[in-house]
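The values are calculated or read from the model by the stated rules, or taken from the named source; none is laboratory data. All of these numbers come straight from a predicted model, not from anything done at the bench. Every residue, glycine among them, receives a Cβ derived from its backbone with ideal geometry; neighbour counts consider all protein chains shown. What goes into the accessible areas is simple: the full protein's heavy atoms, side chains included, and nothing from ligands, DNA or RNA. Shrake-Rupley method; radii C 1.70, N 1.55, O 1.52, S 1.80 Å.
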Amino acid sequence: MASLFQRRRNRATQTERVRERRHEGFLRYAGFRWAKISGGLCLLIILSYALVDVTPRHNGGSWYGYTLGTIGALLILWLTALGYRKRRMTSDYWSLKAWTSAHVYLGLSLIVIGTWHTGFQLGWNVHTLAWALMMLVILSGLYGVIVYATLPAALSNNREQMTQMQMLEAIRAFDRQLHSAAQPLTPADSAAVLASLDQDPFAGGAWARLRGRYPDCATAAARRALATSQGGDADARVKVVQLLSQKEAALARLREHLRLRALLEIWLYVHVPLTFALIAALSAHIVSVFFYW
Amino acid sequence: MSEAAPLERVKVAIIGSGPAGLSAAARAAQLGMSHILLEKTDHLSDTIFKYQKGKRVLATPERLDLRSDCRFAEGAREHILANWDEDAANNGVNVVYRADVAEVTGEKGAFAIKTAQGDVFHAENIVLAIGTQGNPNRLRCEGYDLPHIIYQVDDPEDFKDKHITVVGSGDAGIENALGVAEEALENTVTILNRSRDFARAKAKNVSDLMEAGENGLIAIRTETQPKKVEPGWLTLDTPDGEERIPCDVIVARLGSVAPRAFVESMGIEFTGPDREAFPKLSPTFESTVPGIFVIGALAGYPLIKHCMNQGYDVVEFINGNTALTPADEKDLAAIFAGLPQQKSVSQWLDYLRERVSIFADVSPLQMREFMLDSKVAFYRKGEVVFEKGEPGSSLFAIADGFAAVEVGSGVTVPIEQGSIFGEVGLISGRKRGATIRAGADSIFVEVSRTAALKLMAAVPGAKRAINRISLERQLLQIFKGGLTAEDLAPVVEAAEVERVPAGKAVLTEGEQGDDVYVIRSGSMVVEKDIGGKPIFLRYLPAGSFFGEMGVLSGQPRNATVKAAVGSEVIKLTGDSFRKMLAARPQVREATEAAVAERAAMNSFIESRKASYSSAVDLYSDTASFIMKEGLGEATDALLIDENLCVGCDNCEKACADSHEGLSRLDREAGKTFAHLHVPTSCRHCEHPHCMADCPPNVIHRGPDGEVFMEPGCIGCGNCMRNCPYGVIRMEAAPPPKPGLLSWLLLGRGPGPGEPSPKWTRKQLGDEKPKKIAVKCDMCKGIAGGPACVRACPTGAAIRVSPEEFLSIARLDEATD
């Protein structure tokens, strides 16, 4: 805008260290800086692998193989450090987004670093175990990247400004209303409603949570049962059926929320333990190389 | 302690046995002065007595020395009350309990004080120390005086698994009922209403109550009254006859009689008609009725230490000790200590009142108060007072010398002695607009924002002077360089200040008009109707002007300008503005350049609208959403892109771990539009609502624009209630937890982030630390900047000001 409207604040904020005005995801961080670095590194390795002449053939034990192995091992340790960085709130300047970006792209480059380090000599031994574990860690990480890129918007759409606590609270509110509304019902009908009240909304286990399918949902069963039921106070039944369908909708929202959150988190239960297994196998690999080879 | 006979006339009768009254009585007893202390209940200091058990009472302000014959230091309620009972006895205070004063007649030397119990006491002087709490109305049924009837709920969490009955259908009753009905507390809550509906309460409270009723959290009983109170039981008078319900606690919220009417019935005048007004007082606390003195909270001093000191002082004054200087004398002396001239404190105060126009109407007692929140400094010629672009909201007054304002490069304008500067920061809450130097060897008074606002509220003359000067300065600053105060005089003369509520249009597109507006406080949005839909064009912060196109072109308004938040605009008539432009061609040029630029931007957006309709609509709708969320008054807000947020809550954890273990933001709560989420987190408003009423005055704006709290919070909760965005928590810091490595490797402690309440409770045992206000300080003093942003793994969280976020670049990028 015209100099007349020069924002006084702008001058002051320029001196602040980093001030982003836009949302920029970890994949796009700094104009794909780490994607370029990592891509360049892979290219360099692939080219040099072809150009460098190692006799009798490329393998992990050559000077070239050792170089790649050292780079890879150090990189693995550094990548593991993200878990520490994330939780360690030191007061100096760092951006976890930058760390994540580097973690993702450098982690992917390990496919090239690790595989080219082997000289494509794989077998049934502790060395290949380390490589396989590394590939599994990368694969699970790749899944993480994909869900991080695709699921947040769905999570946001589903919750429609509600918090998880509010979703639970809404279900409890329907339960309380059901409890009083079901008083005039016949014993058979109220048993169905009571089953809905007694059922833990989280019941179903991890598999149900991940799939978001709850075939044994007592609320759905109660609604079906009451819809066809006869006798008793018809008005009361209509009200209860209405409340049951509202509760079902609230449950569906909560279940979808939990499903998406589970999908966003589940891979970490693979990624992190496998990383430790990888570090163990890597140590065995290094020790065995130096002491027994 | 002895119960005095109500017959003989005493030198002084003290009404109210709180900290102020008790301290006064103790001093009178020490001086051997005949006195009587009248207390309406059967114990001393009812307000503090009614605090919840174990509540920690703070002794602020720390710098003030205690001058009293009674002890007082920070401690638990029980400890303080026990000390005072002991001190009252040791000093030989004559106290009469259950003496509820109903009427005061007579004059100095011969007052007659009648109590509700029918006793009459005679006194030469009266000290009124009744506080501001008033008398809560009591139940009118059998058992009304049982101890399980309470009149306020300090902390709903004090009640767990209890049968609670709330009597009263006003806001206070409903809010208390909702508080204790919180599901986790497992209380059985009943609310009684004498009539059929809740007509006296706010609509929001009524709908919340009805919802709680439907959800079975509160039993709502209308046309029902208490009939008989017994321990553990309550008999109700219902439309269907009597009913006996279990009841462990009764919360009676039947309103109270405010003390003002009682005070006025004695003939005492107040400073004004509004609720914040205080009795008019002399420097010795004497009211407009000779012989009646007013001290303590009623006199406008809510802090215990002030009250106790005043109790001591007022009795000394009554005893004829005119040489007594107040306890704050040494603090004031310290404020004046650095000045080149040697004067006593009262001489300095008179000097300032004589020489500075805005202090002219201030009473000596008020003056002391203002000076305690102010600084006085001597500046050598040429010394910089503040730089352009610095944050700061204090007001400066020129007691001696003059100030030089740098209005353009090399151009300075003097401000003469007696006047003020720095008022733009005070009024608009924005950063300093110009660099100011001392024009000669000078003495400037720096009045803190709070003190200045108090001054403006209490002294109308000061308010007028500040407003006029600020308008003139603001215009000078906008049209910098080319103008002088003389050029502006006719414009300022014709100018009017208008208040605009949020959402109201100041200009409407298509209307004829040539008035020009300057935004004094708040902010505006500019919208244009394109293709039948209002499209957001720009955000105008305080200090901008608009409406100038109409003056220059004579065309109808080409866009609508409406208030983003409650704002104040200054309306300048088109005529006077045109004359000013005619007299100063360079100002005209600058204005025309601005008009051209704005017009270019408008047509840019219009052209984009033609080809990228949906992108422009999204930009416009996002802007409307941001304004609706109150970000128009924000200076720095946390915004989350929910296309990126994976819900890991690392922002909250980082926040807690960067401070004392409490998170100041709630990521999930708050509104969302088109995946843009405004979490519950401080926006550092231009005019922070939280600052409005902070008794110890510990909320300030820091050097980077952050609104933060310094230590000294007394836990009153005013800021939390005043914040419209719900971002302030009342919470006690959890105990320190084991380090990160010992959690990672050994699993010790609760891990990163705010520990669960359960863990905290287990660590603390029976200890109940004082809850104080906790709010975002924008990671003040942390070199890396806001932890929430640094700790976001995906880049979903950023902190921005609204104008940064809504910059045209955003639209440009969206449509490229």
Using bins 10 angstrom wide from zero, how does P(r) for the range B:255-329 break down, in % of all Cα pairs? 18, 50, 28, 4, 0
Trypsin sites (Lys or Arg not before Pro) within the range B:321-419: DSSP coil, no more than 11 neighbouring Cβ in 10 Å: B:380
Rank B:220, B:728 by accessible area, highest first, at a 1.4 Å probe radius? B:220, B:728
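Identify the chymotrypsin sites (Phe, Trp or Tyr not before Pro) of the range B:294-394 meeting these criteria: DSSP loop state and at most 13 other C-beta atoms within 10 Å of the C-beta.
Sites meeting the loop and neighbour criteria: none at all.
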With a cut-off of 8 Å between alpha carbons and a minimum separation of six or more residues, what is the relative contact order of the range B:149-255 in percent? 35 percent
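Using the beta-carbon distance between residue B:764 and residue B:589 and R0 = 56 Å, what value does 1/(1 + (r/R0)^6) give for FRET efficiency, to the nearest 0.05?
Rounded to the nearest 0.05, the efficiency is 0.25.
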Once you have the alpha carbon radius of gyration of chain A, what is it after dividing by 2.2 N^0.38 Å, with N set to its residue count? 1.49
Computing the accessible area with a 1.4 Å probe over protein heavy atoms, can you report the carbon and sulfur percentage for the range B:329-465? 52 percent
With a Förster radius of 45 Å, plug the Cβ-Cβ distance of residue B:533 and residue A:265 into 1/(1 + (r/R0)^6) and report the FRET value to the nearest 0.05. 0.65
Using a 1.4 Å probe over the heavy atoms of the protein chains, calculate the carbon and sulfur portion of the accessible area of the range A:166-290 as a whole percent. 61 percent
Rounded to whole Hz, the Karplus (6.51, -1.76, 1.60) HN-Hα couplings of the range A:28-40, x for glycine and proline: 8, 3, 6, x, 6, 4, 6, 5, 5, 4, 5, x, x
According to the Kirkwood expression over distinct Cα-Cα pairs, how big is the hydrodynamic radius of the range B:491-624, in Å? 15.4 Å
Under 28 Å Cα-Cα from residue B:11, which lysines qualify once same-chain neighbours fewer than 8 residues away are excluded? B:40, B:108, B:114, B:280, B:305
Considering Cα pairs under 8 angstrom that are at least six residues apart, work out the relative contact order of chain B and quote it in whole percent. 8 percent
Over 20 Å intervals from 0, what percent of Cα-Cα pairs in the protein assembly as shown sits in each interval? 10, 31, 35, 20, 4, 0, 0
For residue B:523, enumerate residues with amide H under 5 Å from its amide H, sequence gap 5+ or separate chain, H modeled in the peptide plane. B:564, B:565
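At a probe of 1.4 Å, how much accessible area disappears from chains A and B on forming the pair, both sides counted, to the nearest 100 Å²?
Numbers: alone 18520 and 36960 Å², together 50040 Å².
Chains A and B together bury approximately 5400 Å².
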Using a 1.4 Å probe, how large is the accessible area of residue B:10, given in Å² and rounded to the nearest 10? 10 Å²
The range A:70-89: which residues show an accessible-area loss of 40 Å² or more, assembly versus chain alone, 1.4 Å probe? A:84, A:86, A:87, A:89
Suppose only helical runs count, i.e. DSSP H with n ≥ 4. What mean residue ellipticity at 222 nm does that imply for chain B under -39500 (n - 2.57) per run, divided by all residues and rounded to the nearest 500 deg cm²/dmol? -9000 deg cm²/dmol
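Residue B:447: net charge of surrounding residues, Cβ under 14 Å, Lys/Arg +1, Asp/Glu -1, itself excluded?
Charge balance near residue B:447 sits at +2.
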Burial of 50 Å² or greater, the range A:160-175 residues [accessible area, probe 1.4 Å, versus chain by itself]: A:161
Please report, in whole Å, how far the alpha carbons of the range B:709-816 spread along each principal axis, starting with the longest. 61, 42, 24
Averaged across B:631-644, how many Cβ atoms of other chains sit within 10 Å of each residue's Cβ atom? 3
To two decimal places, what compactness ratio does the range B:329-465 give when its Cα radius of gyration is scaled by 2.2 N^0.38 Å? 1.00
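Report the per residue volume, in Å³, of the convex hull enclosing the C-alpha atoms of the range B:149-255. Provide the component values of the computation, followed by the final result.
Details: hull volume 9.8 nm³, N = 107.
Measuring per residue, one finds 92 Å³ for the Cα hull of the range B:149-255.
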Taking each residue in A:95-108, count the Cβ atoms of any other chain within 10 Å of its Cβ, then average. What number comes out? 3
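Which net charge results when you count Lys and Arg as +1 and Asp and Glu as -1 among the other residues whose beta-carbon is under 12 Å from that of residue B:674?
Net local charge, residue B:674 excluded: -3.
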Over the heavy atoms of residue B:132, what accessible area does a 1.4 Å probe trace out, to the nearest 10 Å²? 90 Å²
Select from A:116, A:124, A:78 the residue whose mean-square fluctuation is largest in a Gaussian network model of chain A (Cα-Cα springs shorter than 10 Å). A:124
B:659, A:179, B:684, B:122, reordered so the largest accessible area comes first (probe 1.4 Å): A:179, B:122, B:659, B:684
Ranked order, B:43, B:35 - accessible area, probe 1.4 Å, largest first: B:43, B:35
When ranked by the protection proxy of mean other Cβ atoms within 10 Å per residue, highest first, what sequence do the peptides B:16-24, A:259-267 form? B:16-24, A:259-267
The range B:491-624: Lys pairs at Cα distance under 20 angstrom, eight or more positions apart or on different chains: 10
Using Cα pairs closer than 8 Å and at least 6 residues apart in sequence, work out the relative contact order for chain A, in percent. 23 percent
Run the simple label-point estimate for residue A:81 and residue A:94 please: 7 Å along Cα→C-beta, distance reported in nm. 0.7 nm
Return one whole number: the accessible area per residue of the protein assembly as shown in Å², for a 1.4 Å probe. 45 Å²
Would you mind checking which residues have amide H under 5 Å from residue B:228's amide H? H placed 1.01 Å from N; only 5 or more apart, or other chain. B:235
Based on alpha-carbon centroids, what's the gap between the range B:8-56 and the range B:208-230 in Å, whole number please? 39 Å
Counting only protein heavy atoms, what percent of the accessible surface of the range B:22-98 is carbon or sulfur at a 1.4 Å probe? 45 percent
Pop out the Kirkwood hydrodynamic radius of chain B from its pairwise C-alpha distances, inverse of mean 1/r, in Å to one decimal. 30.4 Å
Occluded residues from the range B:788-804, i.e. those whose accessible area drops by 30 Å² or more once the chain is not alone (1.4 Å probe): B:790, B:793, B:794, B:795, B:798, B:803, B:804
Around residue B:163, which amide H atoms from residues at least 5 apart in sequence, or from another chain, sit under 5 Å from its own amide H, with H modelled in the peptide plane? B:188, B:248, B:249
Around residue B:354 (Cβ within 13 Å, Cβ-to-Cβ, excluding residue B:354; K/R +1, D/E -1) the net charge comes to 0
Estimated inter-spin distance, residue B:112 and residue A:283, nm [label 7 Å along Cα→Cβ]: 9.5 nm
Determine how large the accessible area of residue A:272 is when every protein chain is in place; take a 1.4 Å probe and give Å² rounded to the nearest 10. 60 Å²
Can you tell which of A:60, A:114, A:231 shows the greatest fluctuation in a Gaussian network model of chain A with Cα springs below 10 Å? A:231
Across peptide B:777-787, how many C-beta atoms of other chains are within 10 Å of each residue C-beta, on average? 3
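What length, rounded to one decimal in nm, is gained on full extension from residue B:79 through to residue B:238, with 0.36 nm per residue of separation minus their alpha-carbon distance?
Contour length minus the Cα-Cα distance gives 52.9 nm.
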